[in-house]
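In what follows, a single structure is set out as structure tokens and then discussed.
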Ligand SMILES: Nc1ncnc2c1ncn2[C@@H]1O[C@H](COP(=O)(O)OP(=O)(O)OP(=O)(O)O)[C@@H](O)[C@H]1O
């Protein structure tokens, strides 16, 4: 039996927290043109003028939030140099506050002192708006409100209200600048025309990072997070290359570097090596697939399993009709009534969106017509691992493991 002492051994880190998601780096690399445009859009605020409303869009992990934190911190600091200027900034994540009512009551409470806060329920929406206008005008000055993950808002009333507050006579003292952030490229087009034109007075697009830009991001973070010389030389380029493959997402590249560092520390290794990165990637991939599959219902899992068995037999890419007949057979074993072929076709696309399977569109020209083919996007063994428990519970045997 071990002695279970806690002892510090080799740790590659000097500041591990610098690799976590909420860390704001001192400077942003690889975002010059985006920052320039964004800076220009915010510039009127330093003159005490209301800036245009701004809409930022681009895929996950391309620095939209980081750029916002970075520029707003700078703006607040620089504003201290001007006595006649009062700039207040607030960042709200609409994933947590997903209705106009909740955003408005949050704003009221942010501006009030703690003893006077209102409860999150119990008012009508128009009452909450009245309270909000009062607080905003009492505060006055320039108020920059960031709505991150704005596509999670269930209704756009607050967007309309805030973006037109002065025009509609709701505010006379305060000047509001709205900044909306979204990964969902279709969100803007889905807005009603009047909200779109006022929210998106300026739209700034953030491009994905290429491997070189990711290297620069990682190199900069390495300096803060790791002790000198603890990474072998291929670690950063490899994390960057994987990050670039994963749709140029800086968060994924940083997560991978963290995972590699953690593995090295667990093993008490003197240096973090390429091998730690490869194993780290494997672990992250498994976690991601497991999370995706955990969110599926039993029928969706049977579909994934149906495709997995086809893959194991070398029958992929497969058409939906082949997947359907396998799924139907599995449903019988699982004593579930199979859903329709149409349901399956729709769900195959959903599963593709989750990154569990891949789709390709085949066009055979005038003779054969167009159809879709599906394959597993993830490693077969990883998928089977994630499915194992449910399959057993459903009475479907996992003999396909023999193929792996
Ligand atoms: N240019 C950069 N330099 C340094 N770190 C960066 C840079 N871009 C992104 N990061 C880091 O990558 C992570 C993800 O970035 P960020 O949260 O800004 O992405 P995002 O575009 O807002 O995506 P999401 O909508 O998924 O949050 C953060 O930890 C951030 O600090």
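The values are calculated or read from the model by the stated rules, or taken from the named source; none is laboratory data. Just so it is clear, the model here is predicted, and its values are computed rather than measured. Backbone-built Cβ (ideal geometry, glycine too); neighbour counts: all protein chains shown.
Quick notes on this one:
- Residue match in segment 303-318 (condition: assigned to a strand (DSSP E or B) and more than 19 Å from residue 394 (Cα to Cα)): yes
- Flag if residue 96 is within 16 Å of the ligand (Cβ to nearest atom) and surrounded by 14 or more Cβ atoms within 10 Å (Cβ to Cβ): no
- Number of the exception - residue 243 against (1) out of contact with any strand residue (DSSP E or B) (no Cβ under 6 Å at 6 or more places or on another chain); (2) modelled with pLDDT under 95; (3) within 30 Å of residue 178 (Cβ to Cβ): (3)
- When residues of segment 211-220 are limited to those that are under 17 Å from residue 58 (Cβ atoms) and touching a helix residue (DSSP H, G or I) at 6+ places or on another chain (Cβ under 6 Å), the one surrounded by the fewest Cβ atoms within 10 Å (Cβ to Cβ): 217
- Helices (runs of 4 or more DSSP H) within segment 179-297 that include 2 or more residues within 22 Å of the chain's Cα centre (by Cα): 187-190, 211-225, 235-245, 250-266, 274-294
- Scope segment 7-35; condition over 22 Å from residue 207 (Cβ atoms) and surrounded by 10 or more Cβ atoms within 10 Å (Cβ to Cβ); matching residues: 10, 11, 12, 13, 14, 15, 16, 17, 18, 19, 20, 23
- Of residues in segment 1-22 being within 8 Å of the ligand (Cβ to nearest atom) and modelled with pLDDT under 90, the one nearest to the chain's Cα centre (by Cα): 21
- Candidate set: segment 40-74, residues that are assigned to a helix (DSSP H, G or I), more than 16 Å from the ligand (Cβ to nearest atom) and touching a residue at least 60 places away in the same chain (Cβ under 8 Å); chosen: the one farthest from the chain's Cα centre (by Cα): 45
- Leading residue by the ranking (farthest from residue 220 (Cα to Cα)) among those in segment 256-291 that are without any contact (Cβ under 8 Å) to a residue 40 or more places away in the chain and crowded, with 22+ Cβ neighbours inside 10 Å: 280
- Residues that are in the same structural domain as residue 57 (by TED's automatic domain parsing), surrounded by fewer than 20 Cβ atoms within 10 Å (Cβ to Cβ) and within 16 Å of the ligand (Cβ to nearest atom) are absent from segment 153-165.
- The residues of segment 359-374 that are within 19 Å of residue 247 (Cβ to Cβ) and either part of a helix (DSSP H, G or I) or in contact (Cβ under 8 Å) with a residue 24 or more places away in the chain (or both) amount to a single one, 360.
- Members of segment 59-87 that are surrounded by fewer than 18 Cβ atoms within 10 Å (Cβ to Cβ) and touching a helix residue (DSSP H, G or I) at 6+ places or on another chain (Cβ under 8 Å): 60, 78, 82, 85, 86
- Put simply, of 196, 279, 251 the only residue that is outside the structural domain of residue 347 (by TED's automatic domain parsing), under 30 Å from residue 153 (Cβ atoms) and more than 14 Å from the ligand (Cβ to nearest atom) is 196.
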